[in-house]
Amino acid sequence: MAKGLIPRAWVKKSFYFQARISFVRVKYLFLTWLAVLVGSWVLYVQYSVYSELCRGHECKNAICDKYRRGIIDGSACSSLCDKETLYMGRCLSTLPNNQVYTGSWGDRDGIVRCNLGEVVHYELGEEPEPRRETPAFDKPTRGTSVEKFREMVLNHLKSKLGEQANLGGFVSQVLSVADGNRDGQVSLPEARSTWALLQMDEVLLGLLLQDRGHTPRLLGYCGDLYVTERVPHGPLYGLPLPWPLVSWVPGGVQRSIDQWFTPSWPRKAKISMGLLELVEDLFHGTYGSFLLCDVAAPHFGYTDRHELRLTRARTVVPEERFRRAMRALRCETDADCVYGADCRAACDAAEKRCGGEALQPNLAKACGALKDYLLRGAPSALREELERQLYACMALRGNAGQMDMEHSLILNNLKALLWRQISHTKDS
């Protein structure tokens, strides 16, 4: 009997073992299939997003077609379309009609930007609508003299910046940029390219701030495609997360992570000095007053020498435009009177209309952005005074009496405090 039981037990164990192996195989086969399915879906989504956002070849083809037909010209046209020494590299676009790429032009690294017509979405089964075309580059018209073009540029600047005493000098700077081949004359195709560029606030404001070193320098252009210097470090602080993780990481955790990915404190102080100098130049500057309407860290970067650069000039708004926009808004509360992310006005409860004065000056917003950035790692002997000055700065209000004097006093004190700490270091 015992001899007969041994084979039966062995058969049971063998069956159980084979069933176990089969189950494991099915389990891993299912998991492998699931991983392939999910991976394929992620790749499809990524490809769909990329193919919609990144259309640099379309941009280049459209620009070069107009260049070869003699409609537009500029300092970058020959390199882009004939010599092919201007390359578009990694896609940085976040909007399908605003193409942004890293680029190289000879031995210079840059950022290439180009506008395209909007992508029109449609539902399955519907006829696709034609894509909205890019500007036709029809201004100025044939026969326009240089003096007439100068007048066009001046009137355009007045409409954007208001009546300013020094606009004539800036018009001459624009005409110098327009002479792309440096032959001393502005041709009609060059004028059309320049006019198209001036319609983009980011280019216009970038040129306004370029002389003081606050924005990346314009390297060249062709039509409304233009190349600027590449800012090697950005954002101002923090670690950019991949887009799938952004919605999963809580804001508090993100801010804590951001503070770990910053330069040493003396270098942070030098970068902060650059932001304070930008604020100083925007406050009653050469071409009027401007407002910083988004002081988020991604809109700023810095060079290898730790000099601040404003990488998104469209966050700067002429004060005159802000007033016009606010006075045109109807409101119930102050929350209805917002321009951009950080520019706010008060709501007049009686008239149900927004006022024209900004509630918070640029300096207060800049100090709010710098508070955690500067206080973390600050020398112990400096920390208490630095914190006091930053909170006094953040308390500034745009409609307060004596604001100009108080603004200048706080700004100078803060700059002097930082300069005393870094003037003797190699980073200064």
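Readers should treat all values here as calculations from the given coordinates under stated rules, not as data from a laboratory. Computed from a predicted structure; not experimentally measured. Glycine gets a Cβ as well: all are built from the backbone with ideal geometry, and neighbour counts include every protein chain shown.
Overview of results
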{"item": "FRET efficiency estimate (nearest 0.05) - Cβ-Cβ, D183 to R217, R0 22 angstrom", "result": "0.55"}
{"item": "Packing-based order for 183-190, 99-106, 202-209, 145-152, using average beta carbon neighbours within 10 Å, highest first", "result": "202-209, 99-106, 183-190, 145-152"}
{"item": "Whole-number percent relative contact order across segment 243-422, with pairs defined as alpha carbons under 8 Å at least 6 apart", "result": "20 percent"}
{"item": "Lysine pairs meeting the criterion (Cα under 19 Å, 8 or more apart or interchain), as found in segment 243-422", "result": "8"}
{"item": "Per residue Cα convex hull volume in Å³ - calculated over segment 243-422", "result": "146 Å³"}
{"item": "Under 5 Å, built H, 5+ apart or other chain: amide partners of C331", "result": "R353, C354"}
